[in-house]
Amino acid sequence: MRSAKKALLITALAALLAGVAVAQSRHSARGGDLEGVIVNVTAWRTDDKKEPLTAESFFLYENGVEQRIRNFSFDPSPARIVLLVDNSQTVPADVEKLQKAVMEFAYEIFDGDQLFVVAYDEKPEIIQEWTDSAEKLEASLKSFRKQGNPNLFDAMSATVREVLLPLMPGSRKTVVVVVGDGLDRGSKVSFEEMFAEVQSQNITVYALQVPDRTGGAYRGGKPKAGAVITQLTEGTGGLAFPLDEAQQAAKFICDELRKNRYLLSYIPVNTTSFDNRRLLVLANEGIAIRAKNAQPPTLK
């Protein structure tokens, strides 16, 4: 069964590398999305007020141009969390520690949430399909191992296209938790291509970060390992935590997804869909917010 699953994801990766494109939405001549843009945001009060958060408390800018927020609403839907685990030979964490980190999420998810585990070296491999069962998850993690080089960018792209895209648009609370240091050696997909895919699909990336095995070495045209984790998490509205704090991180992430996730919608004006559009979401005093920092081009 494992070999069949592995072959399936390898086939998916081959299709990915062939450059299959996914259309996002229709556009007007003025560059605005006729159907609007929906952005997942994480927001919470930092003051003692009990009033619900509303659109009037937030301000959104696209390439420096203020946009009118059409709607801001709490998202009570269950989360779909993919744990993307570095399974390569030199990742500076032993198998038992990686297994334990993944299992922490099984203990913290809420009713309706589900987990999916993909491990990667030169190729991504499905370890466990969608489940909320701690028993199933624990049994599947016995197939963790350490071999080969980490092709993180290929694995992330395959995960987005073959695991998360089939859930959309019905599921908006989609998350990837990278368990690793961010190092990539040998991916055919570039960091920029992978990052644009993640941002365009409104996927939030968190990380359980292990120490950089390269010591921060320059990667010859690729982002340094630590910079990959920083850009993925900050650029999608997520956060990074040390692997040693996996228990606290799992609780924080699952609580945040259930209690502090909102959907913000707007129709872009005076912008273009041909270029990367910088996003900035601000909130009134007493409210904190995180969101992705860019909307990739949707016309190519």
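Where a number appears in this text, it was derived from the coordinates with a stated rule and is not lab data. All figures in this text were calculated on a predicted structure; none of them were measured in a lab. All Cβ positions, glycine included, derive from the backbone under ideal geometry; neighbour counts span all protein chains shown.
Results, tabulated for the structure shown:
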| quantity | calculated |
| --- | --- |
| Given [x] 206; [y] 133; [z] 157, the label whose value is volume of the Cα convex hull per residue in Å³ derived from this model | [y] |
| Long-range HN-HN contacts of Val189 with modeled amide H, under 5 Å | Asp154 |
| Radius of gyration and maximum dimension Dmax of region 215-300, Cα, Å | 16.5, 46 |
| Label zone at Glu51 (point 7 Å along Cα-to-Cβ), backbone N below 19 Å, region 62-91 | 69-74 |
| Förster radius 41 Å - calculated FRET efficiency between Ala288 and Arg145, Cβ distance, rounded to 0.05 | 0.55 |
| Formal net charge of residues neighbouring Val95 (Cβ-Cβ distance under 12 Å; K, R +1; D, E -1) | +2 |
| Three semi-axes of the equivalent ellipsoid, region 53-185, Cα gyration tensor, whole Å, largest first | 32, 19, 13 |
| Nonlocal amide H pairs with Arg70, under 5 Å, H built at 1.01 Å | Ser265, Tyr266, Ile267 |
| Extended-chain gain in nm, criterion 0.36 nm per residue less alpha-carbon gap, Glu234 and Phe74 | 55.5 nm |
